[in-house]
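The values are calculated or read from the model by the stated rules, or taken from the named source; none is laboratory data. The model shown is predicted, which means the values in this text are computed figures rather than measured ones. Here the Cβ positions follow ideal geometry from the backbone for every residue, glycine too, while neighbour counts run over all protein chains shown. SASA here: full protein model, heavy atoms, side chains in, ligands and nucleic acids out. Shrake-Rupley method; radii C 1.70, N 1.55, O 1.52, S 1.80 Å.
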Amino acid sequence: LIRIIKKDMVFYRQSSGGVTFSGGEPLTQPEFLKAVIEGCQELGIHAAIETCGFFSWESAEDTVRLADFVLFDIKHMDDRTHQAITGVANQRILDNAKKIAALDIPMVVRIPVIPSINDSKENIKATARFVRDHLPDALGIEMLPYHRFGLSKYNALGLDYKLHHIDPPDDTRMEMLRGLITD
């Protein structure tokens, strides 16, 4: 993987950019990710991790500490709702967000906004309060509007796309929700 990344060295130098590791969840493979990030560091390439936060802190802490930047997705603050929409509780996720914040790694919290799933005013405000109270040095909150870009992949794999009935939020709705995080 480092050989492939190395092919774009000119791009990284010209743009002052780097590599973002996303997934799935890249921190479910902490040893591999750690080795790749160390390889990036040897080359002077910035390394970011995009995470949903559902990983074992004990297994991944050393890897997280190597990151130059973290993009941390929070899907829902209410544990019962989080379990219903993702299949897992959110306590580990919220705890991992706090632990990353304590490492002083630059972090942006992101909310993937899915209409009728997590776009209630209450959830957006609760997320903003969590960030304010527990991640005070976070660089901000980004709201990512739901899209259907993955639909063709699901179809190609013969999988059921459970959100096919949901329309992406319009710009007006997104602006209103963004306003809630600054109130």
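Accessible surface calculations at 1.4 Å, restricted to protein heavy atoms, place region 26-175 at 54 Å² per residue.
With the charge dipole of the chain set up from +1 on Lys and Arg Cβ and -1 on Asp and Glu Cβ about the Cα centre, the Cα lying farthest toward the positive end among the listed residues Trp57, Gln41, Gln14 is that of Gln14.
Site pair Ser116 and His164 shows an inter-label distance of 1.5 nm when each label is modelled 7 Å from Cα along Cα→Cβ.
Rounded, prolate or oblate: which fits region 129-183 when a ≥ b ≥ c are the square roots of the eigenvalues of the alpha-carbon gyration tensor, with rounded for a/c under 1.5 and prolate only if a/b beats b/c?
prolate
In this structure, the residue pairs whose Cα-Cα separation is over 22 Å, taken from Lys34/Lys162; Lys75/Lys121; Lys98/Lys125, are Lys34/Lys162. Between the C-alpha center of region 14-58 and that of region 74-110 there is a gap of 18 Å.
Computed from Cα atoms, the angle from the helix 30-43 axis to the main principal axis of the chain rounds to 60 degrees. Work out the charge dipole of the chain with +1 on the Cβ of Lys and Arg and -1 on the Cβ of Asp and Glu about the Cα centre, then indicate which of Ala101, Gln29, His165 is farthest towards its positive end. Of Ala101, Gln29, His165, it is His165. Taking the helices alone, the chain has a mean residue ellipticity at 222 nm of -14000 deg cm²/dmol, built from -39,500 (n - 2.57) per DSSP H run of at least 4 residues and averaged over all its residues. The charge dipole of the chain, taken about its Cα centre with unit charges on the Cβ of Lys, Arg, Asp and Glu (plus for the first two, minus for the last two), comes to roughly 280 debye. For region 1-106, state which trypsin sites (Lys or Arg not before Pro) are in a DSSP loop and have at most 11 other beta carbons lying within 10 Å of their beta carbon. Sites meeting the loop and neighbour criteria: Lys7. Take Thr86, project a point 7 Å from its Cα along the Cβ direction, then tell me which residues of region 105-123 have their backbone nitrogen under 19 Å from it. Output list for this probe position: 107-123.
Within a straight-line Cα-Cα reach of under 16 Å, Lys7 can be paired with the following aspartates and glutamates, leaving aside sequence neighbours fewer than 8 residues apart in one chain: Glu42. For Kirkwood radius over Cα pairs in Å, the listed values are (1) 16.4; (2) 19.1; (3) 17.7; which was obtained by calculation from the structure presented? Of the listed options (1) 16.4; (2) 19.1; (3) 17.7, (3) comes from this structure.
If r is the Cβ-Cβ distance from Glu175 to Leu103 and R0 is 35 Å, what FRET efficiency results, to the nearest 0.05?
My answer for the efficiency is 0.60.
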